[in-house]
Amino acid sequence: MEKISHDGKLIALIIYAEDSFPGVTFFTPPEFTQQLGFMKHPAGHRIAPHTHNDVKREVVRTQEVLVIRKGRVKILLFTDDRKFLCDRILEAGGVILLASGGHGIDIIKDAEIIEVKQGPYVNEMVDKARFEWPEKI
């Protein structure tokens with residue numbers, strides 16, 4: 001598992017395909033609008049049936065989780081002011097929480113990616129601010 005930060009702010013959290021943690025492990029702080037955790041239990045373990053209560057929450061920034069189901073991708077990470085920070089390669093089974101800053105994705109090998117983020121989606125002009133790819137990556 002890797003946490004990538006800039007100026008004390010979490011930009012991304014990566015769970016690599018080979019990572020494994022016993023029991024229930026949550027990697028995000030309670031104040032995040034996306035909570036990312038990992039569960040590993042032996043056969044026969046039970047998680048009690050439950051529902052989630054209606055709780056009004058305020059979401060200021062969209063955080064998203066990408067699950068790489070197939071292929072190989074390069075995730076480019078940027079600071080809040082759109083400066084290139086670093087990149088990471090993820091393969092099938094890898095997961096990344098994009099917590100802040102910006103990001104871009106280069107598909108290296110045909111990929112299937114599951115994306116999870118908060119809704120409702122307003123529209124392209126409100127929800128996203130696109131910017132140019134860096135010249136040298």
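The values are calculated or read from the model by the stated rules, or taken from the named source; none is laboratory data. Bear in mind the structure is a predicted one, so any value in this text is a computation, not a measurement. For neighbour counting, all protein chains shown are included, and Cβ atoms are generated from backbone atoms with ideal geometry for every residue, glycine included.
On the basis of being in contact (Cβ under 8 Å) with a residue 60 or more places away in the chain, in contact with a strand residue (DSSP E or B) (Cβ under 6 Å, 6 or more places away or on another chain), surrounded by 16 or more Cβ atoms within 10 Å (Cβ to Cβ) and β-branched (Val, Ile, Thr), does Ile68 make the cut?
no
Of the conditions (1) surrounded by 14 or more Cβ atoms within 10 Å (Cβ to Cβ); (2) touching a Gly at 6+ places or on another chain (Cβ under 7 Å), Phe38 clears all except one; give me its number.
Every condition holds for Phe38 apart from (2).
Picking from Pro22, Pro29, which residue would you name as being modelled with pLDDT under 95 and surrounded by fewer than 10 Cβ atoms within 10 Å (Cβ to Cβ)?
On the way: Pro22 fails: surrounded by fewer than 10 Cβ atoms within 10 Å (Cβ to Cβ).
So the residue among Pro22, Pro29 that is modelled with pLDDT under 95 and surrounded by fewer than 10 Cβ atoms within 10 Å (Cβ to Cβ) is Pro29.
Of a type in the set (D, E, K, R), at pLDDT 95 or above and more than 14 Å from Leu13 (Cβ to Cβ): which single residue out of Arg88, Arg130, Arg69 fits that description?
Matching residue, one of Arg88, Arg130, Arg69: Arg69.
If you scan region 1-55, which residues turn out to be charged (D, E, K, R), closer than 28 Å to Arg88 by Cβ and in a loop (DSSP other than H, G, I, E, B)?
So in region 1-55, the residues charged (D, E, K, R) come out as 2-3, 7, 9, 18-19, 31, 40, 46, 54.
Now restrict to residues that are closer than 28 Å to Arg88 by Cβ: 2-3, 7, 9, 18-19, 31, 40.
Within region 1-55, Asp7, Glu18, Asp19, Glu31 meet the criteria.
If Leu76 meets every condition in (1) in contact with a Leu (Cβ under 7 Å, 6 or more places away or on another chain); (2) within 26 Å of Glu135 (Cα to Cα); (3) aliphatic (A, V, I, L, M) apart from one, which number is that one?
So the condition that Leu76 fails would be (1).
I'd like to check something: does region 71-94 contain any residue that is touching a residue at least 60 places away in the same chain (Cβ under 8 Å), in contact with a helix residue (DSSP H, G or I) (Cβ under 7 Å, 6 or more places away or on another chain) and closer than 20 Å to Gln35 by Cα?
No, the conditions are met nowhere in region 71-94.
Are there any pairs with C-beta distances below 6 angstrom linking a residue in region 117-137 that is closer than 15 Å to Gly101 by Cα to a residue that is in a loop (DSSP other than H, G, I, E, B) and among the charged types (D, E, K, R), with the two at least 6 apart or on different chains, and if so which?
Hits for this filter: Phe131/Arg82.
For Phe84, state whether it is more than 28 Å from Glu135 (Cβ to Cβ), surrounded by 15 or more Cβ atoms within 10 Å (Cβ to Cβ) and in contact with a strand residue (DSSP E or B) (Cβ under 9 Å, 6 or more places away or on another chain). Full working, then the answer.
On the way: more than 28 Å from Glu135 (Cβ to Cβ): no; surrounded by 15 or more Cβ atoms within 10 Å (Cβ to Cβ): yes; in contact with a strand residue (DSSP E or B) (Cβ under 9 Å, 6 or more places away or on another chain): yes.
No, not satisfied.
Just to check your reading of the model, which residue among Thr62, Thr79 is surrounded by 14 or more Cβ atoms within 10 Å (Cβ to Cβ) and over 11 Å from the mean Cα position of the chain (by Cα)?
Thr79
Filter region 107-137 down to the residues that are under 20 Å from His6 (Cβ atoms) and acidic (Asp, Glu) and list them by number.
The answer is Glu132, and nothing else.
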